[in-house]
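The values are calculated or read from the model by the stated rules, or taken from the named source; none is laboratory data. Quick caveat, the model's predicted, so the values are computed rather than measured. As a convention, Cβ positions derive from the backbone with ideal geometry for all residues, glycine included, and neighbour counts pool all protein chains shown.
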């Protein structure tokens, strides 16, 4: 979402001034867990400036949270990678290739006269080919974000018929508020088994995104189905509230989504994709923008990621597949915001291959939209939970990183985000 344009409208807001407290906070055992008492959250505790032990709920209710150092997930990543690679692949398994992708089909009209439009660049050229470009790769499960308009949903539905997919985008009445779309290959679905599909709006919202903003309300979709190999599969797709200053809203949404995952029976294999608008790691708490303004709570924006893992008992597919590079590459980001040269450092993108950051000014569409407004971030994910049967992550990588020629329009990426692809091998019985 183009933050430069949105900032003109929302500059006077104060959504991050105080806690965004979920109604049930403190009522659940997980809320009462000490941060240092679980390896998922211990690194948050270690980074707090005063060192005082806190419960998970206290992160939500404290008026001011101060970090003395960058929360560093490296120990968590290392443990999870080692555990994932130590697991033996199932002898008999169904492979599932899962894509999570923010496709950047955003183009909303004038808002109360403040701005003419909110749009990701080159939308018309991209929307003409994007459905076939994505579905043509034959991935089993597609968890997409920013398919905002019903005309684009219809284009994906038509492409789904051509490529052998089924769709779930919620209701036509509500879809334009959340822009989420799920597609699954028909060939991997047991057509005789029952299915469930839901569309859930989050309890805590940044209300100005809806009005006078461009009509957005954050949500998640779920789809429970049985695969052709008899695996009960529950899919989640989400897109959390945008912009770094709304990290408290994202915390509440991450908790709610995690609890929804946790409520699923252990027999279900969970696969979750989405744009969380929050990375696991930021090297610096302050980022200076090209206009000289600064935002100094980037470390706070790293809270939502482990909260979702914690409440949902989830694993991160990219972390399971290979040694994590979030911290290593995050520390190499040059501190030279620029609107024309990615991070003000000629050659930075050539030195930094697209293996971690899914939102980065090395993406030419992102550079045109964001122009030095934020550090590169890994904010798009495939996560999973498999309690009752083995699941092996055969691989995970960023995809749709290349630029392509669009006749008459130029050469650029398919979206202002990169996609995340995971290959999951799930045991069959």
Among the residues of segment 89-96, is there at least one that is within 30 Å of residue 368 (Cα to Cα), crowded, with 23+ Cβ neighbours inside 10 Å, within 22 Å of the chain's Cα centre (by Cα) and modelled with pLDDT of 95 or more?
no
Just one of the numbered conditions (1) closer than 30 Å to residue 425 by Cα; (2) at pLDDT 95 or above is not true of residue 176; which one?
(1)
Would you check if residue 374 is in a loop (DSSP other than H, G, I, E, B), closer than 28 Å to residue 286 by Cβ and in contact with a helix residue (DSSP H, G or I) (Cβ under 6 Å, 6 or more places away or on another chain)?
no
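One line per residue, one yes/no per condition, for (1) buried (at least 24 other Cβ atoms within 10 Å of the Cβ); (2) farther than 19 Å from residue 413 by Cβ; (3) modelled with pLDDT of 95 or more:
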position	(1), (2), (3)
135	no, no, yes
142	yes, no, yes
154	no, yes, yes
160	no, yes, yes
167	no, yes, yes
Within segment 47-77, residues touching a residue at least 24 places away in the same chain (Cβ under 8 Å), out of contact with any helix residue (DSSP H, G or I) (no Cβ under 6 Å at 6 or more places or on another chain) and surrounded by fewer than 19 Cβ atoms within 10 Å (Cβ to Cβ) come out as 47, 61, 62, 63, 75
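Just to check your reading of the model, which residue among 280, 290 is surrounded by fewer than 24 Cβ atoms within 10 Å (Cβ to Cβ) and either assigned to a strand (DSSP E or B) or in contact (Cβ under 8 Å) with a residue 24 or more places away in the chain (or both)?
Unique residue meeting the criteria: 290.
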Among (1) in a loop (DSSP other than H, G, I, E, B); (2) modelled with pLDDT of 95 or more; (3) surrounded by 16 or more Cβ atoms within 10 Å (Cβ to Cβ); (4) in contact with a strand residue (DSSP E or B) (Cβ under 7 Å, 6 or more places away or on another chain), the one test that residue 365 misses:
(1)
Quick check on segment 29-36. Is at least one of its residues in a loop (DSSP other than H, G, I, E, B), modelled with pLDDT of 95 or more, touching a strand residue (DSSP E or B) at 6+ places or on another chain (Cβ under 7 Å) and under 19 Å from residue 282 (Cβ atoms)?
no
Qualifying residue in segment 383-406 (condition: over 30 Å from residue 269 (Cα atoms), in contact (Cβ under 8 Å) with a residue 60 or more places away in the chain and surrounded by 17 or more Cβ atoms within 10 Å (Cβ to Cβ))
no
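Would you point out which residue out of 255, 224, 250, 217 is assigned to a loop (DSSP other than H, G, I, E, B) and either over 21 Å from residue 172 (Cβ atoms) or modelled with pLDDT of 95 or more (or both)? Write out each step before concluding.
Details: 255 fails: assigned to a loop (DSSP other than H, G, I, E, B); 224 fails: assigned to a loop (DSSP other than H, G, I, E, B); 250 fails: assigned to a loop (DSSP other than H, G, I, E, B).
After applying the criteria, what remains is 217.
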Among the residues of segment 78-109, write down those that are within 26 Å of residue 282 (Cβ to Cβ) and out of contact with any strand residue (DSSP E or B) (no Cβ under 8 Å at 6 or more places or on another chain).
78, 79, 81, 82, 83
Reported set for segment 293-337 where residues are modelled with pLDDT under 95, touching a helix residue (DSSP H, G or I) at 6+ places or on another chain (Cβ under 7 Å) and surrounded by fewer than 17 Cβ atoms within 10 Å (Cβ to Cβ) is 334, 336
